[in-house]
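What follows is a short report on a single structure.
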Amino acid sequence: MIDFKKPSGPLLLLLYVLLAIAVSRFIFFEPVELTAYGVSKTVGWAFNICSFVILSVVMSIIVFVLGYSILAMFKTRVNRIVSIVHTTIILITIALFLLLKFYNSCYILQVLLSVISVILFFINAGSAIRYKLTDNKRNN
């Protein structure tokens, strides 16, 4: 019999990154271009935000997958409530993106949720570092 081992450490991280890239490539791929669609004498140039929506959603998903993979690789303890809220926001962002993609509309809420998602990750990473430092002080 062949003995298959469960991947761990850097191999698992690489697997998650490749999976995130493959999923984002097939789900979110559209040509991204920042173009000016109108000129107003009082406002100036106005840019289409729809192309930024795709970029912000994909980047928040990559930060989510890669960041929590790194935290899991270092076996850090994270704030459970922030992690649950973060996962919920990521799922809502993906659902909104896929739903609105079929209607060819862009939605500023997706950008807001993506920014909140990245902020929540940094809050959770900071709490993981704080937990790690306090655990090290208790053990010494």
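Extension gain for the segment Leu91 to Leu133, taken as residue separation times 0.36 nm less the Cα-Cα distance, is 12.0 nm to one decimal.
Name the residues of the range 117-131 whose amide N is less than 15 Å from a point 7 angstrom out from the Cα of Arg80 along the C-beta direction? Within reach of a label on Arg80, which here means backbone N under 15 Å from a point 7 Å along Cα→Cβ, the range 117-131 contributes nothing. Potential lengthening of the chain between Met73 and Leu15 amounts to 19.6 nm, from the contour at 0.36 nm per residue minus the alpha-carbon distance.
Values in this text are rule-based calculations from the coordinates and carry no lab data. Everything numeric in this text was worked out from a predicted model, so none of it was measured. Virtual Cβ from ideal backbone geometry, glycine too; neighbours counted across all protein chains shown.
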